[in-house]
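Q: Have a look at this one before I ask anything.
No value in this document is a laboratory result; all are computed from the given coordinates. A quick note: this is a predicted structure, and the numbers were derived from the prediction, not measured. Here the Cβ positions follow ideal geometry from the backbone for every residue, glycine too, while neighbour counts run over all protein chains shown.
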Amino acid sequence: MKNILLIIQREYLTRVRKKSFIVMTILGPVLMGLMYAGIIWAAISSINQKKIEVLDQSGLFRDKFKNSSSYVYEYMKGDLDGLKNDLKKSGADALVYIPANVFEQPKSVKIYSEKGVSLEVQSRIEEEIENEIENIKLTEAGITRSTLENAKVKVSAETISLKAGEEKKSSATAASIIGGIAAFLIYMAVFIYGAQVMRSITEEKTSRIVEVLISSVKPFQLMIGKIVGVALVGLTQFGLWIILTTAIFAAGGRIMADKMQKAPAAMTEMQMNNMPPEAREAMKDQSAVADAMPDILGAVSTLPVGTIVFCFILYFIGGYLLYSSLFGAVGSAVDSETDTQQFMLPITIPIIASFAIAQIVIRDPYSPLAVWASMIPFTSPIIMMVRIPFGVPAWQIALSVTLLIAGFIFTTWLASRIYRVGILMYGKKITWKELGKWLFYKV
Amino acid sequence: MSDNILEVKNVVKNYADHRALDHVSLTVPKGVIYGLLGPNGAGKTSLIRIVNQITGPDEGTILFDGRPLSENNIYDIGYLPEERGLYKKMKVGEQLLYLARLKGLNKEDALEKLKEWFIKFDIKTWWDKNVEDLSKGMQQKVQFVATILHQPKLIILDEPFSGFDPINANLIKDEILELKEKGSTIIFSTHRMESVEELCDYICLINQSRKVLEGRKSEIKQQFKPNTFSLDFTGGLNGDNTTFIVQKSRTDTEGLISATLEARPVFSSNDILKELVDRVHVISFREDMASMNDVFLKSVKF
């Protein structure tokens, strides 16, 4: 037991002190933060003023195109061919031709340019013209735009789950977001840390230190020590990621909130219009999110948060133990990392499959597929985490966890049988048949 | 307590397709250097792994210091495998500390002992170096320290001199002798007969999974002596000899003759010498000894 602790300590400390660990742990959340900041910044600041000439033969659009920080319109006179020829000289980015019969034939509008126009410019001009024609038609029909706007209703359904007689307000959206994130984190963890176990076992084997080690400790102790050590590294890294990400987003959120508070006051409708369509969309989305935020937070608080956190840790550890021992067995069987490929596939298939099944389960968390997949130990860590936020009967969780524990006891046993033979076996081409034989070797 | 540190009795070890050890028995007395010899694939490493409890025997028993080998005995054994290996990206000092603690030393004792060895081997500057930054010979030194740091009763060295330059090989040889002085027993597996000649008190030869011979080196050499004598003389040695047969003789430019004589049955060196003294002028007369090389080659052939 003392030796297992020593091994765990070494595995943990050597990894946690590595530069790459420190860099990844700190950089991960910072990169995430920067990415989001970058997207928002890019949306707001990518404003590049464009000069657009308009030849309006219909006369309907006089002064309808508003100049802004990103677009400057110039109304032209003369014939189309002349303007087309002069386009290069005038330095304008595009020439919009609105024929006299635009009202009857909206598709006859043409945009000429030297370099080709961006989709953004095209859609903006189309939108302006559509709006104007729409306005005219509405006016003709005796409807004002404001009447129309008032007639629009936004519906956001509230889902209520009836459980054990009590009526609970829940949000399917919040549940699927939380479930999806939890499933993804477990999926990532199994791959990242499972592969670490595998690589480190192969390294010990090829550097031949393993023979010195197993003259001091039992192979099983060495394997378990390594698996537990890496698990602690994983929990440390995930813990730090969650703390740092929360901190960064909280800080970022506060800065954003400050600006947002000032922004609406200063931002007139005019300025809103001046922004490129993407930015406007982004703003709209954000305000939509902001509107929905209290709802989502409210919904989250109705989710079984305690159960989610507890089960996440349980399934994180269970799923990791189940797979990392298998990864470890592969690592012990081969002579170098490049030989791992053929044995990796059967291990990675269930992981990838469960992630794929998760996409289906998110839509229907109570289907037979979902229930079965959340019981089988090879898929349950990911699938059950998707289901839990939607509410899962306690007996199902208990059964699934029991099966998972049985599952990892089985894979650890299997792995240790292969491991004890594999680490001392060099220069042999390993086949599946060979691995099968190792299970029954007497050592 | 027993006079023998290790007794291996009738050990059999089978692998999937062959028998690595076939009823091997041997006895290692305390305080000796014991040479475990044999060609590649004879079963030496299998035996060493069983003693180290890396694997277990299929049949037979092993006594350590008179008692059946138990899990606690790993603390009494130091093992230097033939294929050396250390964690490449770990610092020398930390690594040695870790290996010493796995062998049951507590941190303070291990540090204390490590300091002594670092001073002794003059490698103080290596403490904070990564193993991969050391040369192969330096790594071997580090591993040697790791093997003996916990002052084991039994030290098992598999080809300890491979990879060492002559200076360091000598250093290690002196250390081995010193460890023996201090009361450790050393089992020493090798194919290099000159180091066996130099260091071993006892030898055991394993060939094709079986023990071929075992015993005191001097006795074995006696047993394998070719029963020939080297003679340098002047004069004539023709005609019939009652006590010996001349195998070959060579005359150099000065008239000195060197000959190899084979003793006829029953006659001893004294009988031969008596006969010679009467007939020729003896300059030197010496009984030929078996070299370990001869012993090895002869035993393995059968």
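Q: Taking every DSSP beta bridge with both residues inside region A:1-157, roughly what % is antiparallel (nearest 5)?
A: Numbers: 3 of 13 bridges.
Percent antiparallel among DSSP bridges in region A:1-157 is about 25.
Q: Restricting the count to DSSP beta bridges whose residues both fall in region B:4-222, what percent are antiparallel, rounded to a multiple of 5?
A: Working: 21 of 39 bridges.
Counting DSSP beta bridges with both partners in region B:4-222, the antiparallel share is about 55 percent.
Q: List the relative contact order of chain B as a percent without decimals, with contacts defined as Cα pairs under 8 Å and 6+ residues apart. Numbers along the way, then the final one.
A: On the way: 520 pairs, mean separation 61.7, N = 302.
Relative contact order comes out at 20 percent.
Q: Here is a follow-up. Which links in B:K30/B:K103; A:K226/B:K115; B:K91/B:K113; A:K226/B:K113 stretch past 24 Å when you go from one Cα to the other?
A: On the way: B:K30/B:K103 21 Å; A:K226/B:K115 29 Å; B:K91/B:K113 17 Å; A:K226/B:K113 27 Å.
Violating the 24 Å Cα-Cα cut-off are A:K226/B:K115; A:K226/B:K113.
Q: What ranking of B:D17, A:D56 emerges when the number of other C-beta atoms within 10 Å of each C-beta is taken as an exposure proxy, fewest first? Let's see the in-between values first.
A: Numbers: B:D17 5, A:D56 20.
Sorted ascending by nearby Cβ count, the order is B:D17, A:D56.
Q: Return the percentage of antiparallel bridges among DSSP beta bridges fully within the protein assembly as shown, rounded to the nearest 5 %.
A: Details: 48 of 76 bridges.
That works out to approximately 65 percent antiparallel.
Q: Treat each spin label as a single point 7 Å out from the Cα along the C-beta direction, and report the A:Q342 to B:L177 distance in nm.
A: 5.2 nm
Q: Cα centroids of region B:1-49 and region A:390-407: how far apart, whole angstrom?
A: Going from one Cα centre to the other spans 52 Å.
Q: Then there is this: Tell me which lysines have Cα within less than 26 Å of A:K84's Cα, excluding those fewer than 8 residues away on the same chain?
A: Those lysines meeting the cut-off are A:K50, A:K51, A:K64, A:K66, A:K107, A:K110, A:K115.
Q: Could I ask something else about it? For region A:50-148, take every pair of Cα atoms, bin their distances at 10 Å starting from 0, and report each bin as a whole percent.
A: 14, 47, 30, 8, 1
Q: Can you list the lysines whose alpha carbon is less than 25 Å from that of B:K225, not counting same-chain residues fewer than 8 positions off?
A: B:K225 reaches B:K211, B:K217, B:K248, B:K274, B:K298, B:K301.
Q: Report, ordered by chain and residue number, the aspartates and glutamates lying within cross-link reach of A:K137, taken as a straight Cα distance under 19 Å and ignoring same-chain residues fewer than 8 apart.
A: Hits, sequence-local ones excluded: A:D56, A:D63, A:E104, A:E126, A:E127, A:E128, A:E149.
Q: Now for a separate question. So what is the calculated 222 nm ellipticity per residue for the protein assembly as shown, using -39500 (n - 2.57) for each DSSP H run with n of 4 or more, over all residues, to the nearest 500 deg cm²/dmol?
A: Numbers: 25 runs with 402 residues, N = 745.
Counting only the DSSP helices, I get -18000 deg cm²/dmol.
Q: Then there's this: Of the cross-linked pairs B:K44/B:K88; A:K429/B:K88; A:K218/B:K153, which ones have a Cα-Cα span greater than 24 Å in the structure shown? Let's see the in-between values first.
A: Working: B:K44/B:K88 28 Å; A:K429/B:K88 26 Å; A:K218/B:K153 21 Å.
Too far apart for the 24 Å limit: B:K44/B:K88; A:K429/B:K88.
Q: Also, I was wondering about something else. What is the distance in Å between the Cα centroid of region A:418-443 and that of region B:111-127?
A: Their Cα centres are 39 Å away from one another.
Q: Apply the Karplus curve 6.51 cos²θ - 1.76 cosθ + 1.60, θ = phi - 60°, to the phi angles in region A:22-38 and return the couplings in whole Hz, x for Gly and Pro.
A: So the J values, rounded to whole Hz, are 4, 4, 5, 5, 7, 6, x, x, 4, 4, 4, x, 4, 4, 5, 4, x.
Q: Could you run the Karplus curve 6.51 cos²θ - 1.76 cosθ + 1.60 with θ = phi - 60° over region A:434-440 and give me ³J(HN,Hα) per residue in whole Hz, x for Gly and Pro?
A: Working through the residues one at a time gives 4, 4, x, 5, 4, 4, 10 Hz.
Q: Distance from the Cα centre of region A:333-383 to that of region B:222-269, in angstrom?
A: If we compute the Cα centre of each part, the gap is 83 Å.
Q: What ranking of A:L399, A:L83, B:L276 emerges when the number of other C-beta atoms within 10 Å of each C-beta is taken as an exposure proxy, fewest first? Mind showing how you got there, number by number?
A: Values: A:L399 14, A:L83 18, B:L276 21.
Neighbour counts put them in this order, fewest first: A:L399, A:L83, B:L276.
Q: Could you list B:D271, B:D158 so that the one with the fewest beta carbons within 10 Å of its beta carbon is first and the one with the most is last? Mind showing how you got there, number by number?
A: Details: B:D271 15, B:D158 20.
Exposure proxy ranking, most exposed first: B:D271, B:D158.
Q: Could you give the size of the charge dipole of the protein assembly as shown about its Cα centre, using +1 on the Cβ of each K and R and -1 on the Cβ of each D and E, expressed in debye and rounded to the nearest 20? Provide the component values of the computation, followed by the final result.
A: On the way: 85 positive and 82 negative charges, 204 e Å.
Approximately 980 debye in magnitude.
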